Amino acid sequence: MSILFEQESRTFYLNTAHTSYQIQADCRGYVHHLYYGRQVGTSHMEYMHYYSDCGFSGNPYELMDQKDFSLDNVCQEYPGCDAGDYRVSCLSLQNPDGSFGVEFRYVSHEIIHGTYRLPGLPAAYDDGGRAESLILCLEDPVTGLALKLLYGVFEEEDMITRSAIVENHTKGTVVLHKALSACLDIPFGEWDLIHFPGRHCMERQAQRQKLPDGVLTVGSRRGSSSHHHNPFVILAAPETSEDYGECLGAMLVYSGSYRIDIERTQMRAVRMVLGIQDEQFQWELQKGEQFVMPEVLFGFSSDGLTRLSHQYADFIREHICRGKYKKARRPILINNWEATYFDFDSGRLLDIAKQASELGMEMLVLDDGWFGRRDGEKDGLGDWYVNEKKLAGGLAPLIREIHGMGMKFGIWVEPEMVNEASDLYQKHPDWALTVPGRPPAMGRCQLVLDLGRREVRDYLYQVLSDLLRNYPIDYVKWDMNRNMTDMYSRALPAHRQGEVHVRYMLGVYDLLERLTGSFPEVLFEGCSGGGGRFDCGMLYYSPQIWCSDDTDAIERLKIQYGTSFGYPVSAVGSHVSASPNHQTGRCTSLATRATVAMSGTFGYELDLTTLDELEKQEIKGQIARFKEYAPLIQEGDYYRLTNAVEDRYFTAWQHGAKDGTEALLNVVVLAPQANPTPIHVRLKGLREDACYQELIFGKTYSGAALMHGGFTLPIMSGDYPSLTYHFKIMQER
Ligand code: DGJ
């Protein structure tokens, strides 16, 4: 039993293998957060909390004289609004009478086997039936507004999931101005915030800073989780490192606009609230209706950041990603984007495919430009029928030939968008999000379709399912190349326009659910100008996401490093591209490009017809090696051996088998030195008593030696040289 309820003290103990989460409903019904941290079993943690009159903090009416009890100073599970708690809140709403006040009290609870369900939203699932869930039912005693707090406990995985549902049982319409998924109050301690800011072509640049007093916010107002901040943060004790110390993560399972606020309060406590972005948000909740909030994944580690990352990676691989490919090795692909951009025809594609198949690649992905009148960015989005000028005879003969070469066939789509220069826009201009009378802001010359509308989704489902039904397509790259503006739906009345960005996201999920459900054999890869929507919401539908439009191996080191804090390697779309690189102009060796791309789904994205013999032989070797390493890379643990953002000399990382029997060490030198200091790393996750053979260079070492003494690499010179070492257990001593 991972959830225990102690009737007398009305305490809920949520225990995982190494963590505890505790909640108490006090005698007045206030729902306190008592503890989240290292396992404490059923030790009651109420003693730890300290209440004092901290001045200018409201007291509940019935406790007028008890000034040391203020909602402003109590650790809570879900703070309300306008009731004396001045810290960042989860909720802001107006009751039917126009007042803002809401204060929830415990009414009842339920403990169930399995996971709770969040209608319309992606959420962690549990096939093994081992998870347990707690549903706390709260109510505002004055208005009757109801709140369900949902907790999923994944014991072995050391993860707690949370969500909330507000239900309008008041006498009229409630208007939500802010409705966040969860609050986590931490009563004590110094904390650093680790977060993942970035930009297009430079996503998830890990950053660590001491929490300042006041409120620190990360989030997105862009209609997608964005390149700019990932919906994942870590709070780490100042002394916490990769292998030591306490840290806790909070990750949203949501792909739209969001916010995460972290407040250092007047009493030196920390409050984190997170959920849907409240800017340009307003939701009318009619009597009897409910509003479901996206899920949050909480993880805690008392053994450092690496352990926390492994928890998230394993959890996402097992409980978020779905379908046939969730654990399977993905086909090694050749994508034509950086090879041809918009300039291709069937002949050119077949030349690339032929070369790819000879080299051992397993799938050709036909990227942007195969449809409508699409010869550049300005035209064609929305017209999902074949451009026969480029593909004479259509898709069928092309796919037949590619399948004939023994390769799979994948295709690119960007269903959420429309160009004004398209048949779809000419027919349905009102399907785009634009404000009547106002010229819309453009992004990549395109507009966003109103996926909040059922008829728009039905249309897209129809054309996309026709495409997948009529042609034997094995893979879909689902792209999204602009952020939202002009969030105005022609289908909603003026007072409901604040619902647009959330309805849009629910619409995307609905469409993806229907498509992935109808075509379970098809592998979906998410994309948004690279990693602009790299989140668990999308990973629920596509087990991999194109990590960045920046394919430069050296920049990728930092991007993949940041991504590794929260996400599994199996989710990271990564390709070997041309040198000089198209984004940075940097030259790197084919070997280094492959070393970096192999820490992901692995594929190629360059014109294979220009390769010389030597390069072809090298690529054949890379493909053979990747096939050998893939289980270790995709199912094993990822270890960051250096800080890829701060360490200027070299970057090192390791893939380690979970049972310690095998490891792959990768090192890329960033700045070779004339009189070099040694490149030395310590391996991790091996068995101390075992003997390992390094398979590439043939020497043997003990696990203890590799982990405690470490491993010194030979001097490497030139531009960005790299080396890989493959260690395999020989025998236990
Ligand atoms: C952005 C993607 O990230 C690229 O890989 C490519 O598919 C282009 N879009 C095509 O427009």
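No lab work stands behind these numbers, since they all come straight from the coordinates. As the structure is a prediction and not an experimental result, all values here were calculated from the model. Backbone-built Cβ (ideal geometry, glycine too); neighbour counts: all protein chains shown.
For the reader, a short list of remarks on this structure follows.
- Modelled this way, with points 7 Å down the Cα-to-C-beta line, the labels at residue 385 and residue 351 are 3.0 nm from one another.
- Using distinct alpha-carbon pairs, which all enter the 1/r mean, Kirkwood radius of segment 316-428 in Å: 15.3 Å
- Loop sites in segment 1-105: GluC sites (Glu not before Pro), DSSP, at most 13 other Cβ within 10 Å: 8
- Of the trypsin sites (Lys or Arg not before Pro) in segment 147-189, the ones in a loop by DSSP (not H, G, I, E or B) with at most 15 other beta carbons within 10 Å are 171.
- Dividing the Cα radius of gyration of segment 26-185 by 2.2 N^0.38 Å, with N the residue count, gives 1.10.
- Using distinct alpha-carbon pairs, which all enter the 1/r mean, Kirkwood radius of segment 523-630 in Å: 14.2 Å
- Relative contact order computed over the chain (Cα-Cα under 8 Å; 6+ residues apart), in percent: 10 percent
- Taking the charge dipole of segment 61-144 about its Cα centre, with +1 at Lys and Arg Cβ atoms and -1 at Asp and Glu Cβ atoms, the residue from 64, 78, 131 reaching farthest to the positive side is 131.
- Of all aspartates and glutamates in the structure, the ones whose alpha carbon falls short of 16 Å from that of residue 210, not counting any fewer than 8 places away in one chain, are 190, 192, 239, 246, 261, 263.
- Rounded to the nearest 10 degrees, the angle from helix 553-564 to the longest Cα principal axis of the chain is 30 degrees.
- Alpha carbon centroid spacing (whole Å) that separates segment 283-336 from segment 389-452: 28 Å
- Principal axis dimensions, largest first and in whole angstrom, of segment 630-696 by Cα: 38, 23, 20
- Distance histogram in 10 Å bins (all Cα pairs of segment 141-280, percent per bin): 11, 35, 36, 15, 3, 0
- 5 angstrom amide H check on residue 114, placed H, neighbours 5+ away: 131, 132, 133
- When the chymotrypsin sites (Phe, Trp or Tyr not before Pro) in segment 647-727 are filtered for DSSP coil states and for at most 16 other beta-carbon atoms within 10 Å of their beta-carbon, the remaining sites are 649, 697.
- Under a model in which nothing but the beta-carbon of Lys, Arg (+1) and Asp, Glu (-1) is charged, the chain shows a dipole of about 1000 debye around its Cα centre.
- Computed over segment 590-733: relative contact order in percent, which uses C-alpha pairs under 8 Å that are six or more apart: 22 percent
- Evaluated with a Cβ-only charge set (Lys, Arg +1; Asp, Glu -1), segment 612-667 carries a dipole of roughly 60 debye about its Cα centre, given to the nearest 20.
- Counting only the Cα atoms, the chain fills a convex hull of 162 Å³ per residue.
- Dipole of the chain computed with +1 at Lys/Arg Cβ and -1 at Asp/Glu Cβ about the Cα centre; of 606, 488, 9, farthest Cα towards the positive end is 606.
- Hydrodynamic radius of segment 207-293 per Kirkwood, over alpha carbon pairs, in Å: 14.8 Å
- Cβ-based charge dipole, segment 561-706, positive-most Cα from 677, 575, 690: 677
- Three semi-axes of the equivalent ellipsoid, segment 112-170, Cα gyration tensor, whole Å, largest first: 26, 11, 8
- Modelled this way, with points 7 Å down the Cα-to-C-beta line, the labels at residue 435 and residue 39 are 5.6 nm from one another.
- Compared with the dominant Cα axis of the chain, that is its longest principal axis, helix 613-635 is turned about 30°.
- Whole-angstrom gap from segment 205-220 to segment 685-733, using each part's C-alpha centre: 38 Å
- Ratio of the Cα radius of gyration of segment 204-246 to 2.2 N^0.38 Å, where N counts its residues: 1.39
- Reach of residue 326 by Cα under 21 Å, taken over lysines that are not fewer than 8 positions away in the same chain: 408, 477, 627, 658
- Hydrodynamic analysis of segment 573-643 uses the Kirkwood radius over alpha carbon pairs. Inserted into Stokes-Einstein at 20 °C and 1.002 mPa s, it gives a translational diffusion coefficient of 163 µm²/s.
- In whole angstrom, segment 249-302 maps to an equivalent ellipsoid with semi-axes of 25, 16, 11, each derived as √(5λ) from the alpha carbon gyration tensor and ordered largest first.
- Convex hull (Cα only) mean projected area of segment 451-571, reported in nm² to one decimal: 8.7 nm²
- Calculated P(r) of segment 1-104 - Cα pairs past 21 Å, %: 42 percent
- To the nearest ten degrees, helix 305-319 and the longest principal axis of the Cα atoms of the chain are 80 degrees apart.
- The residue 130 and residue 458 beta-carbon pair, evaluated with R₀ = 22 Å, returns a calculated FRET efficiency of approximately 0.05.
- The amide H of residue 702, built 1.01 Å from its N in the peptide plane, has 692 as neighbours under 5 Å, considering only residues 5 or more places off or on other chains.
- Percentage relative contact order, segment 131-265, counting C-alpha pairs under 8 Å, at least six apart: 17 percent
- Taking the square roots of five times each eigenvalue of the Cα gyration tensor of segment 340-496, the equivalent ellipsoid has semi-axes of 33, 15, 13 Å, listed largest first.
- Cβ-placed point charges (K, R +1; D, E -1), dipole of segment 613-727 about Cα centre in debye, nearest 20: 60 debye
- Computed FRET value (nearest 0.05) for residue 67 with residue 494, which takes r as the C-beta separation and R₀ as 51 Å: 0.65
- Per-pair calculated FRET efficiency, R0 = 35 Å: residue 324 and residue 716 via Cβ, rounded to 0.05: 0.30
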